[in-house]
1. Which residue, B:Ile561, B:Ile448, B:Thr359, has the largest displacement toward the positive end of the dipole of the protein assembly as shown when charges sit on each Cβ (Lys, Arg +1; Asp, Glu -1)?
2. List the pairs from A:Lys138/B:Lys465; B:Lys118/B:Lys544; B:Lys94/B:Lys544; B:Lys134/B:Lys226 whose alpha-carbon separation is above 28 Å, in the order I gave them.
3. Placing +1 at every Lys and Arg Cβ and -1 at every Asp and Glu Cβ, with all other atoms neutral, what dipole size does the protein assembly as shown have around its Cα centre, in debye to the nearest 20?
4. If r is the Cβ-Cβ distance from B:Asp107 to B:Thr53 and R0 is 22 Å, what FRET efficiency results, to the nearest 0.05?
5. At most 15 other Cβ atoms within 10 Å and a DSSP loop assignment: could you name the GluC sites (Glu not before Pro) in the range B:198-273 that fit?
6. So which trypsin sites (Lys or Arg not before Pro) in the range A:336-413 pass both tests, a DSSP loop state and at most 14 other Cβ atoms within 10 Å of the Cβ?
7. Once fully extended, how much extra length lies between A:Glu208 and A:Glu265, figured as 0.36 nm per residue of separation less the alpha-carbon to alpha-carbon distance?
8. I'd like to know which of B:Ser389, B:Ser248, A:Val232 lies farthest towards the positive end of the charge dipole of the protein assembly as shown, counting +1 on Cβ of Lys and Arg and -1 on Cβ of Asp and Glu.
Amino acid sequence: MSDEKKAGEAPKAAPADPTKATPPGAQPPAKAAEIPPAGGGPPVQQPAGAPGSAPKSQGGAVPEPPAAKPPAAAPPAPAPAKPGVVTATIDGKTVEVAPGTTVIQAALQMGKEIPHFCWHPDLPVDGNCRMCLVEIEKMGKLQIACNTQLTEGMVVHTESEKAAQAHRTTLEFLLVNHPIDCPVCDQAGECYLQDQYMEHGLHDSKIEPEEKVRKRKVVDLGPIMLDAERCVLCSRCIRFERFVTGTDSFEFKNRGDHTQIATFEDRPITHNYAGNLADVCPVGALLSHDFRFKMRVWFLESADSVCPGCSTGCNVFVDHRDGEVHRLRPRRNVEVNKSWMCDVGRKEYKEIAIDRRVGAARKRDGGAVPLSQALDEVATRLAAARAATAFVASPQSTNEDLYAFRALADSLGGMIDFRVGSPERNLRTLEDGILLRADRNPNTQGCLDLGLGRSGLDAILAGCSSGKVQALILQGPELLRLPEAAAALSSVPFIAVMATHEVPELERAQVVLPAAMWAEVEGTFTNYQRRVQRIRRAVPAPGDAAPRWEMAAGLLERLHAPLGAASAREVFALLAQSLKDHAGLNYKALGATGRALPGNGASAAAPGA
Amino acid sequence: MASATEAPPVAGLDSPAARLLREQLGDRVKGVDDFRGDLAITVAREAWVEAATLLRNHPDLDFKLFLDLCGVDYLEEREDRYETVLHAYSVSKKHHVRLKTTLPERDPRLDTLTAVYKGANWFEREAWDLYGIKFDGHPNLTRILTHDAFVGHPMRKDYPVGKRHVLKSAKEWLLTRTPDPEHTVVNIGPSHPAMHGTFRVQAVLDGETIADCEAEIGYMHRNFEKMAEVRTYWQIIPYTDRLNYCSSFMNGHGWTLAVEKLLGISSPPRAHAVMVILSEFSRIMDHFVCIGTNIVDLGAITPFFYLFRVREEIYELLEACCGARLTVSYVRIGGLANDVPADFTDRCRALIKSVAKYTDECDRLLTRNAIFANRFKDVGALSADDALSYGWVGPCLRGSGVAYDIRKDHPYSGYEQYDFDVPVGTVGDCYDRYLVRLEEIRQSLRIIEQALAKLPDGPVIVDDKRVALPPKEEVYSNIEALMNHFKLVYEGILAPPGEVYGYTEAANGELGYYIVSDGKKYPWRVKVRPPCFNIYQAFPQMIKGGSLADAVAIIGGLNIIAGELDR
């Protein structure tokens, strides 16, 4: 339904690029945000703007967000304590914020989370849940913090007796018709109602279960399951569909106690961002079909990482337990992906599973061997061939992998390139208009930055055919798949390939080295914005599989040209020393959201340069 | 644990300890804290020995009782990764103190305190074993709880919880000095019935005299403290049962009080009264084990049978209350899991009679028995000074003449309401320890009778939704109670950030829990202050120069329970 255009409909507001300032008409974010805590709970901060103009709508049932009002009782405003900055007091602490910041945003900046349901840092304000009511001195009634701008000298009490009572009674209302579903609801463990009940509710129920209004349960919307009874009518899904994907799938139907969320004719969600609906829903009304009933979230640990699906590099949480990854969730990064990620990326976790993974090194004639033995063989061949070697890097590798690989090529004087299929051409091409890019590699930019487009793939293949290349080392099986390369490959006496998955083309190599995947290593990727971001190890690699940089270091050791690094952190330090744009960077400086290199968009190390 | 009847406040930021340390150390005192009334002083590590010496020797401070020394790993949370924490007590001033210092990750070294407190020896070995903290000047800094094939320091935060190492062969040689070739080397234990619960001593015998010996423990080390870091406060309760399993209820009692101290709440009066009654019965049970097994080692079987017979009846009482006999898991944070059965008072009164009868029998059989006196009198005496320096507590310390009983000096759970005496010995030999225990049993019966008479009505669990589970009828019929139940089970109780040391008078003496909370659902650190660990540390010294037969007599009377010794 979301894709079909109906005749004569009014032009929609263009779907927002989540990486730019939020929804049309809204104000840009006031200040850089902090990272939301792992493991669910209300996301921390940042403005999706809101104060000001209401975005265009099409007669929707979504209540228009009212324009934020400055305090009603308005004696002449006191001169600001600090010019250009609003200074006010929240819970006895002084805060200084940019003008236009709402109370809820300001509270988050000082580390205080005001309870809320409908507010979301990356969606326009709606103000319908009434949970974020706070007491503001000189204002008679309680005000909603999400849509009230902080003004100079304002004194806010977020947990005064009146405010606490308002939180409790709002929760009571929200729970009046809420089904007794916790044991069968996936949201348990990351549910706003559960969390806020313990912090702000703790009241006794006054309702009998028979009195509750019944609505539809288990409505299959494709990638998403809808349970209308659990919905708290916050309209986050409606606003997401309207302002992020522009597909307008959801609306409220019926009214009063019987209001329900629904898609037209229960048609499924077909766009590439369905998973975000489950993330954005604060309760168990919208849940991921893929994750349904698989794992209770309190058993999961979360590792901060970056999706490897394309060159956007959406920040993610890798949720795992006992060495198995159960899902990926977006991790908020205002510069890259806001709070969203696409479904293509979400499915990436399925590739990590052990079956079909290469768990041991092997030789074509001989079967599985210990990794050290395989490395011995490769090193022997390299030592014999010296400059008659070629190296094909993979834009699937981390910067650390690439650096060590380049060091290997440099130590022998062999050829090196990475451009199997011209990934750099699609590096910045936005494929679905929102997040997914056409370059489905996470680190093409890293290859460019390290100058790996040096020799040219044609030259390498020519060298293979002519016999100039005696040993060919591949960081991934991409080249083995290329039909045009088949002839050249069959002429090379020795091919070694680092591979993560068992694919038929590995047959063409003499030695297969087992490579660890992105969720199994420490390292960094550089996205299309030239933003260097850390990935963190979530689960152990299967069997003998090792990080690519570690295997390259093993080869360098055997060639008596040691890399000089014993951890990914140390490899990155060497890398930062060797590249001008990376000077001064280290893992600590990258932090949780990464750092953009200078010359954003313009690659200093252009291909062939 | 301070009650209203405590001596004048010596806590607080301007307590004598803080003041005197500041005067002497100046800016080497890095911080003073009194969260929940616990005085905690952090000093620079260069001042560690000086500070401990001052605390121990200064007449206004007199912290002569060594309680505990442990490591804490703060990983990246703090600038210096490790902390070493000392707990000590002043019997004369009736006050506890916590002394801390921080150690950087690259160089976790600290001077040994073995010259200040004898008990520090094993504790420093444990901190080395579990954390990799090196103590300069320690006479024998080797592993003590983990085995010799173990690699790594398991209590470090980056050591995976489930990681194990297989031990393929036992350590044959424990002795550090080469014995005279004329002498015989014997292993006493670990699989010896007289070594109650697997511990081992390698002794060099010159005829029947023990010329030299060395102890080895850790056979029952299960790293309770590591498990505590990945369990909620409730989930830890069954683990506490398995510390001193001869009186498991008392471990839970101490645990819930320590956590309540951290939370700033208290169980309701009825829960406290029941806890007193069951703790005293558990104390009696534990003393029966001690006396019974001690005496059976020497060949007197009859008292052993009698005492274990009456223990069965105490087990039945516990079973009626909570369904379990040995490892009861009966406490909850904030009170008890459920109320006692309707006939509780009658059962207890019958049990008092039974216990009194068997105690008297035991008394008649042993106390003035010539053989018994011969085996026990003037055997295994430890001076009060040594006892304090090692960190002896409970009946063993009181046997040596030091009248320290937490129930009197820092009453908890309403002990101040009950009239009872605390028996104290004079010589500190096995006979004194036996008499102290025997009399403690009688005093426990007095306490139980008074507690029964005063047993208040009311709930047995605190009325606080953040701590206690809602009733099941509520959980199944409304969403609020269901959510409450869910959050309490999968997240547990959220204690405020901070640290406390909670302590109770368990059967063997001061059982303490040092809990560090970071505000999350699992505690950051739990250190059990295990009375058996301090007591057993003195054992090798006590038996050197004595006969093998005396060693057997001594070990039984110390009541070493491996579950508490090794954790």
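1. B:Ile561
2. A:Lys138/B:Lys465; B:Lys94/B:Lys544
3. Working: 134 positive and 151 negative charges, 475 e Å.
My answer is approximately 2280 debye.
4. Efficiency for this residue pair is about 0.45.
5. Within the range B:198-273, the qualifying GluC sites (Glu not before Pro) (loop, at most 15 other Cβ atoms within 10 Å) are B:Glu208.
6. On the way: sites: A:Lys338, A:Arg346, A:Lys347, A:Lys350, A:Arg356, A:Arg357, A:Arg362, A:Lys363, A:Arg364, A:Arg381, A:Arg386, A:Arg406; in loops: A:Arg356, A:Arg364, A:Arg386.
In loop regions of the range A:336-413 (DSSP not H, G, I, E or B), the sparsely surrounded trypsin sites (Lys or Arg not before Pro) are A:Arg356, A:Arg364, A:Arg386.
7. 17.3 nm
8. A:Val232
Computed from the coordinates by the stated procedures, all read-outs in this text should not be read as laboratory data. Because the structure is a prediction, the values reported are computed rather than measured. With ideal geometry, Cβ positions are generated from the backbone for all residues, glycine too; neighbour counts draw on all protein chains shown.
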